[in-house]
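S.K.: The following block contains the structure, expressed as structure tokens.
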Ligand SMILES: Cc1cc2nc3c(=O)[nH]c(=O)nc-3n(C[C@H](O)[C@H](O)[C@H](O)COP(=O)(O)OP(=O)(O)OC[C@H]3O[C@@H](n4cnc5c(N)ncnc54)[C@H](O)[C@@H]3O)c2cc1C
Ligand code: FES
Ligand code: FES
């Protein structure tokens, strides 16, 4: 327990700094606060969604040092050394949609949008690692995320379209 | 649901972590949390304290020698899977790891955590036993090596003591001329297997180890068994059970089909 830590309703609170989308936030949380809840409730970043809370659905996926992880399976106190990126942090610096976001919009990759933040973060990291996925690789990239609405076909199309957009952008700036 | 309150420790040395564990009978180690956090959230586990080992430097190592692969407690599944040296020295590891959960879970989950969690549906405990590996355990009293065959007691039960931290797991190298293969059937790619197995073929020796068929990893010696009898002989040593995911009869059928398929693949890899 550090000097600043306090106790509320008999439970010890930890004063921690979370780095999210490039900004440091000081928050006071109990150790059991899930990162997903810290993002939503303590930081007001409600783009990260919570579905199953046991790692199965992928709705809560955020990037930790660039890699997708389940925010519902990490305690906020355990995330203090990492740079976290939520769906709010995916837009381009000028505020325009990222290639993955644009592809979802073009290909009807979403209906209700509940699963979408998890897909966007997962695919953003997936395309960083594998910029030209085959159809099979595009399917595998999203195998850990559940969607109740779209039947996945349009999401797979969105992965492939996002790869195209990224390549076109790179060719333009080259 | 949310986890019940617990005291949280984030030590920066192994010594401090072991110190907290030794004074705290129902404290638990937190590694990747990919199995522990769901158990806490569902309140199937309620430790009074967690010892988060993620801030301890030097535990995320992957050492490859001609003798085998030593994987540190904080090496994530994804890092082991991507490691070229691991692939060269013990190809069964990446082959089986590609079936462990989804990429997102593998980014955080640790291979050592998966072993000591001792889930009969998990791939890594089965592979460790098949290869005759071991786990290095540390406590304030010193360190010891636990052979894989002495590690698993039952579902989610191992001989690692509550005051111990598993610091690494060792997977022996594949002998020259030997071949390995792994395959499993799951409902969705990345989900837990209904049945899975790994096999090692080395000259006349044929051995297979199963996932999701028995309470603890079970290695079956299939040396000298004709191809059309592989599944039947394996079933003499296994006792598939009914559960919500599959009937015992279906599991037995998967054992028959997969055993032949995996042993054949391992033979081909041995050439
Ligand atoms: C949706 C989903 C699907 C999954 N699918 C699979 C699958 O198909 N196959 C599979 O094998 N696994 C699967 N997993 C589990 C995953 O592989 C976990 O990462 C792994 O089982 C546990 O590793 P961990 O580092 O996350 O351990 P934790 O969750 O941190 O810990 C698990 C247990 O081991 C103890 N522990 C961990 N590390 C140590 C240590 N160094 N010393 C002493 N005790 C320790 C903890 O106290 C705890 O009791 C899945 C998980 C999820 C959420
Ligand atoms: S809410 Fe985290 S995976 Fe479902
Ligand atoms: S768009 Fe509704 S859950 Fe996926």
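S.K.: Put a dot 7 Å past each Cα toward the Cβ at residue B:63 and residue B:236; how far apart are the dots in nm?
M.R.: 4.2
S.K.: Kindly express, to the nearest 10 degrees and within the range 0 to 90, the angle between helix A:153-173's C-alpha long axis and the longest C-alpha principal axis of chain A.
M.R.: Between helix and principal axis, roughly 80 degrees.
S.K.: Does the protein assembly as shown come out rounded, prolate or oblate by the C-alpha gyration tensor, with a ≥ b ≥ c the root eigenvalues, rounded set by a/c under 1.5 and, if not, prolate when a/b is larger than b/c and oblate if not?
M.R.: Oblate.
S.K.: If the chain between residue A:169 and residue A:139 were fully stretched, how many nm would it gain, using 0.36 nm times the residue separation less the Cα-Cα distance?
M.R.: Gain in length upon complete extension: 8.5 nm.
S.K.: Next question. If I fit a long axis through the Cα atoms of helix B:248-270 and take the longest principal axis of the Cα atoms of chain B, what angle between them do I get, 0 to 90°, rounded to 10?
M.R.: 80
S.K.: Restricting to Cα pairs below 8 Å that are 6+ residues apart, what does the relative contact order work out to for the range B:66-116? Please round to a whole percent.
M.R.: Averaging sequence separation for qualifying contacts and normalising by length gives 50 percent for the range B:66-116.
S.K.: Using label points projected 7 Å from each Cα along Cα→Cβ, tell me how many nm separate residue B:147 and residue A:17, to one decimal.
M.R.: Result: 5.1 nm between the two label points.
S.K.: May I ask you to list the residues of the range B:7-27 whose amide nitrogen lies under 20 Å from a point 7 Å from Cα along the Cα→beta-carbon direction of residue B:48?
M.R.: B:7-11, B:16-27
S.K.: Something else: Which value results for Rg/Rh of chain B when Rg is the Cα radius of gyration and Rh the Kirkwood radius based on the inverse mean 1/r?
M.R.: Result for chain B is an Rg/Rh of 0.98.
S.K.: Pulled fully out, how much extra length does the chain show between residue B:228 and residue B:7, if you take 0.36 nm times their separation in residues and subtract their Cα-Cα distance?
M.R.: The residue B:228-residue B:7 span can extend by a further 74.0 nm.
S.K.: Over the range B:1-112, what relative contact order in percent results from Cα pairs under 8 Å that are six or more residues apart?
M.R.: Relative contact order comes out at 27 percent.
S.K.: Alpha carbons only, please: Rg and Dmax for the range A:47-87, in angstrom.
M.R.: 9.6, 26
S.K.: Need the full-extension length gain, residue B:157 to residue B:22, defined as separation in residues times 0.36 nm minus the C-alpha distance. One decimal, nm.
M.R.: This chain segment gains 46.7 nm when fully extended.
S.K.: Could you work out [θ]222 nm for the protein assembly as shown from helices alone, using -39500 (n - 2.57) per DSSP H run of at least four and dividing by all its residues? Round to the nearest 500 deg cm²/dmol.
M.R.: -8500 deg cm²/dmol
S.K.: Please compute the average number of Cβ atoms from other chains found within 10 Å of each residue's Cβ in peptide B:7-14.
M.R.: Average neighbour count from other chains, rounded to a whole number: 3.
S.K.: Assign one of three labels to the range B:1-60, namely rounded, prolate or oblate, based on the Cα gyration tensor with a ≥ b ≥ c the square roots of its eigenvalues; rounded applies when a/c is under 1.5, prolate when it is not and a/b is larger than b/c, and oblate otherwise.
M.R.: Oblate.
S.K.: Related question: What is the helix-to-structure angle for A:116-129, meaning the angle in degrees between its Cα long axis and the longest Cα principal axis of chain A, kept from 0 to 90 and rounded to the nearest 10?
M.R.: So the inclination is approximately 70 degrees.
S.K.: Once a ≥ b ≥ c are taken as the square roots of the eigenvalues of the Cα gyration tensor of the range B:119-271, is the result rounded (a/c under 1.5), prolate (a/b larger than b/c) or oblate (a/b not larger than b/c)?
M.R.: Oblate shape, in that a/c is at least 1.5 and b/c is the bigger or equal ratio.
S.K.: If you don't mind, another one. Kirkwood hydrodynamic radius for the range A:1-144: how many Å is it when counted over pairs of different Cα atoms?
M.R.: 16.0
S.K.: Next up: How high is the relative contact order of chain B? Use alpha-carbon pairs under 8 Å, at least six apart in sequence, and give a whole percent.
M.R.: 16
S.K.: Additional query: Order A:89-97, B:4-12, B:76-84, A:61-69 from most to least packed using the mean count of other Cβ atoms within 10 Å.
M.R.: In decreasing order of mean packing, A:89-97, B:4-12, B:76-84, A:61-69 become A:61-69, B:76-84, B:4-12, A:89-97.
Here, each number is a calculation from the coordinates, and none is a lab measurement. Bear in mind the structure is a predicted one, so any value in this text is a computation, not a measurement. A quick note on method: Cβ atoms are made from the backbone with ideal geometry, for glycine too, and the neighbour counts reach across all protein chains shown.
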